[in-house]
Ligand SMILES: Cc1ncc(COP(=O)(O)O)c(C=O)c1O
């Protein structure tokens, strides 16, 4: 047998251990998705693990436009954007994003992860400082590491600590504060207006990842700038086309000068294939649907309010979640696995998150609410959590 690095064997042991306890929930196959339900092992389950916050998957306008793009251009572009890979659908998507976000221009990449990796490492380098919230998404951190800039972390949503970091890094060539608008494990919202003030005071660039605020924050679901009424005050907005938008890809939107720089210099734009026609068209159509069907955004808010208020009233710990990502904290890791199995056995598709993905003693079930969930769905989930509490004492 080949001698693999120790880490390979450690993974094998971890997987074997979880499987032996019936706690292995990784890569579960979903056979069919039907709105807020998934079918696994011939069972219909309420889906609490999806980012389809507004239920746009299989929206007829989105599917139709994706199919038209395949009819027009086939399934691939056979190239990078700079070598005959740019089709009208790409330009249309970038214009749609820029208009939706009230910005001058946009660039799309092949995923949200690649967007952060590529944009951050193109914009910053050895003499700069990149200042990240401790809970920033891995793709932001990886982009910072790849950039070669000094990576400085501040405590989660802690403005005093951020100011300290800004003071500490005053001698760097340029500084950038990079945050998630909505945190993907806790569902809380960053204090963006105060951060804008700090960035101004210390002449730092402000970069905000909107993976979980697009379609969620603001009356029209256009994101953080609408929510905080701070249009144009964030320097760089990033988002993905794979969460609320049922497609694949990511974007940066900002002023023309910055986007032009990224289009000429970012390596994953220059050296990696263009988004497929269908993905591109689906994303464009999705932005239009969000604009047209604002009732989806309102319904999502109602569902979040209903679901979280009942659980909070009963004393369950949902941290400071204010959005569609709702963590049910079960500090004991073993119990988290057990409650997850209990809920899945009751046809609720929910998944656990345990350390080191989250801080010690904050293991959780990560529940995502969508606009499609009915009151009956939510009541069933809530009752099942109450039942789980009777068995496992998670309060
Ligand atoms: C905050 C945040 N940024 C970026 C990404 C990466 O996006 P994608 O899945 O499109 O690669 C994610 C994905 O989970 C995310 O949560």
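Take the Cα pairs of the chain, get the Kirkwood Rh, then feed it into Stokes-Einstein at 20 °C and 1.002 mPa s and tell me D in µm²/s. Answer, rounded: 97 µm²/s. The radius of gyration of the Cα set in segment 1-112, together with its Dmax, comes out at 21.1, 57 angstrom.
Using only alpha carbon pairs under 8 Å that are at least six residues apart, calculate the relative contact order of the chain and give it in whole percent. Working shown, then result.
Working: 746 pairs, mean separation 85.4, N = 395.
Result for the chain is 22 percent.
Counting every other Cβ atom within 10 Å of each residue's Cβ, 233, 94 order from fewest to most as 233, 94.
Could you work out the Kirkwood radius for segment 170-299, taking every pair of different alpha carbons, averaging 1/r and inverting it, reported in Å? If you can, show how the numbers build up before the last one.
Numbers: mean 1/r = 0.0625 Å⁻¹.
For segment 170-299, inverting the mean 1/r across all distinct Cα pairs yields 16.0 Å.
Annotation: segment 61-292 has a Kirkwood hydrodynamic radius of 17.7 angstrom, from the mean reciprocal C-alpha pair distance. Taken as Cα centroids, segment 181-214 and segment 146-160 sit 12 Å apart, rounded to the nearest whole angstrom.
Along its principal axes, segment 263-395 has C-alpha extents of 57, 36, 27 angstrom, given from the largest down.
For the peptides 234-244, 215-225, 144-154, 4-14, the ranking by mean Cβ contacts within 10 Å, running from highest to lowest, is 234-244, 215-225, 144-154, 4-14.
Result for the chain in a Gaussian network model with C-alpha springs under 10 Å: among 113, 53, 231, the largest mean-square fluctuation is at 231.
Take every Cα pair under 8 Å whose residues are at least 6 apart in sequence, average their separation, divide by the length of segment 61-292, and the relative contact order is 31 percent.
The mean of 1/r over all distinct Cα pairs in segment 198-263, once inverted, gives the Kirkwood hydrodynamic radius of 12.7 Å.
Would you kindly calculate the translational diffusion coefficient of segment 35-86, applying Stokes-Einstein with the Kirkwood radius from alpha carbon pairs, for 20 °C and a viscosity of 1.002 mPa s, and quote it in µm² s⁻¹ without decimals? Walk me through the numbers before you get to the answer.
Values: Rh = 14.0 Å.
D = 153 µm²/s.
Sorted ascending by nearby beta carbons within 10 Å, beginning with the fewest, 205, 330 become 205, 330. FRET efficiency for the residue 314 to residue 17 pair, using the beta carbon distance and R₀ = 45 Å, is estimated at 0.85.
How would 115, 294, 384 line up from fewest to most surrounding beta-carbon atoms within 10 angstrom?
Working: 115 29, 294 15, 384 19.
Lowest count first: 294, 384, 115.
Contact order, relative form, for segment 116-193: 34 percent (alpha carbon pairs under 8 Å, 6 or more residues apart, mean separation divided by residue count). Separation of segment 219-294 and segment 10-50, taken as the distance between their Cα centroids, equals 30 angstrom. A convex hull fitted to the Cα coordinates of segment 240-323 yields 144 cubic angstrom per residue.
Computed from the coordinates by the stated procedures, all read-outs in this text should not be read as laboratory data. Computed from a prediction, not measured in an experiment: that's the story for all the values here. In this analysis, Cβ positions are derived from the backbone assuming ideal geometry, glycine residues included, and neighbour counts consider all displayed protein chains.
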